[in-house]
1. Could you grab the pairs with beta carbons closer than 6 Å, sequence gap of 6+ or different chains, first residue in the stretch 85-114 and touching a residue at least 40 places away in the same chain (Cβ under 8 Å), second one part of a helix (DSSP H, G or I) and surrounded by 11 or more Cβ atoms within 10 Å (Cβ to Cβ)?
2. Suppose we keep only residues that are under 18 Å from residue 47 (Cα atoms) and among the β-branched types (Val, Ile, Thr) within the stretch 58-82. Which one would you say is farthest from the chain's Cα centre (by Cα)?
3. Any idea which residue in the stretch 91-103 is farthest from residue 48 (Cα to Cα), counting only those that are surrounded by fewer than 10 Cβ atoms within 10 Å (Cβ to Cβ) and either at pLDDT 85 or above or in contact with a Ser or Thr (Cβ under 8 Å, 6 or more places away or on another chain) (or both)?
4. With the structure loaded, tell me whether residue 42 is assigned to a helix (DSSP H, G or I), within 26 Å of the chain's Cα centre (by Cα), of a type in the set (Gly, Ala, Ser) and surrounded by fewer than 14 Cβ atoms within 10 Å (Cβ to Cβ) or whether it fails that test.
5. Regarding residue 100, is this residue assigned to a helix (DSSP H, G or I) and closer than 21 Å to residue 27 by Cβ?
Amino acid sequence: MATTPAVTGDGNRDTGPVTGPRPAEQPYRIVWNDAVDLRHLAASIVVCVVIGLPAYLVAEAVLEANLEQTSLAGGYALLVGLAGCVVGAAVCTRLFPPKRVLAEDDSTDRVEALAELETMGGTPESFTGLPKDVQDEMRSLGLAPKPEEGR
């Protein structure tokens, strides 16, 4: 197994090494600004059609036979078919899990964030003016001073 660059969500190559098949063997294509395996996409469409279309057709037949206003049967059947497509999508998420593994380098991100905050010229007074949840999050990320004891 060779180390090859991965395709990022914006279509650019990721610079970090990723183990996997060679680029010629990778079936990924960019669809709606995301890398997808076309075979899995095609299989997902088939699964959703196989579940959604029969749900629609059966619901339409049952509703036309049982509703007094048969003009409503088509609309309700569409809702049932849509629910079938949602069930199909849930099945596909289990069959075809995501292939990408997102890894973040926390140390460089933290250093960059601290440098940006320093250039912004924040003061302790401006920090205390922030909402409590923002202050807590900044403290948990190590971007703000811990509250002093005794306050």
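1. Note: pairs meeting the criteria are 88/47; 88/48; 88/51; 88/52; 91/47; 92/44; 92/47; 96/40.
2. 58
3. Only one residue tops the list, namely 97.
4. In short, yes.
5. Here the answer is no, as residue 100 does not meet what is asked.
The values are calculated or read from the model by the stated rules, or taken from the named source; none is laboratory data. Since the structure is predicted, the reported quantities are computational estimates derived from the model, not experimental observations. Don't worry about glycine lacking a Cβ; one is built from the backbone with ideal geometry, like all the others, and counts go over all protein chains shown.
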